[in-house]
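Bear in mind that the values in this text are calculations on the coordinates, not laboratory data. This structure is a prediction, so every number in the text was calculated from the model and none was measured. Backbone-built Cβ (ideal geometry, glycine too); neighbour counts: all protein chains shown.
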Amino acid sequence: MSTAGISCRFERAARTWASAALIHHSTFITRLNMAKDIVTSISVDIDAPASLVWQVLTDLERYGDWNPYTVRVESSMQLHEKVDLYLPKPDGSGELMMQREYLLCWEPQKRLSWGMKWLHPWLLGARRDQYLETLPDGKTRYYTTDRFSGLFTKAVMKNHGAWIKQGFDDVARQLKARAEALV
């Protein structure tokens, strides 16, 4: 997939959180778990290079082969263009729902981000960041966060926070399994 350059739209808070992640990863994860507007996955160390993990993470056509939370993605993967995510509904019916987001960051082998605003930013917004960190032993650490903002944040977290967390944890585990199987 190609993008129109490697660029990210950084907000002050995102820079602060990202810096904290690079300096003190475990402190960062602890802070995220305590925040009431952020869902974060478990952190997994993948026995594969970041280039391979990135390839799996950005191979949208194969999401259904390994990703239990986002079973289909349609996007040109161009910055600021739409990313249509298809997820099983949280009610367990097996039906899919489509969530339209927009690509906000494409940093190969480091970060992939998309986000959305519902009707108006002050009602509900979200930004999902998926992080890859190359470890000294050649492995890759992966985790993802989703930060919510706006009037409906509390309701989203109350009604869907645990479901989102479980989905993110499942993605982390399955990304690890998929990448390690390809080594």
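For this structure, a couple of remarks:
- Length added when fully stretched, K158-D37, from 0.36 nm per residue minus Cα-Cα: 42.5 nm
- Per-residue Cβ neighbour rank within 10 angstrom, fewest leading, I38, I164: I38, I164
- Ranked W114, W66, W54, criterion: other C-beta atoms within 10 Å, fewest first: W66, W54, W114
- Virtual spin-label span in nm between A181 and D91, 7 Å along Cα→Cβ: 3.1 nm
- Within a straight-line Cα-Cα reach of under 22 Å, K154 can be paired with the following lysines, leaving aside sequence neighbours fewer than 8 residues apart in one chain: K36, K89, K117, K165.
- Kirkwood hydrodynamic radius of region 21-182, from inverse mean 1/r over distinct Cα pairs, in Å: 16.1 Å
- Length added when fully stretched, R100-R141, from 0.36 nm per residue minus Cα-Cα: 12.0 nm
- T70, T144 arranged by Cβ crowding within 10 Å, fewest neighbours leading: T70, T144
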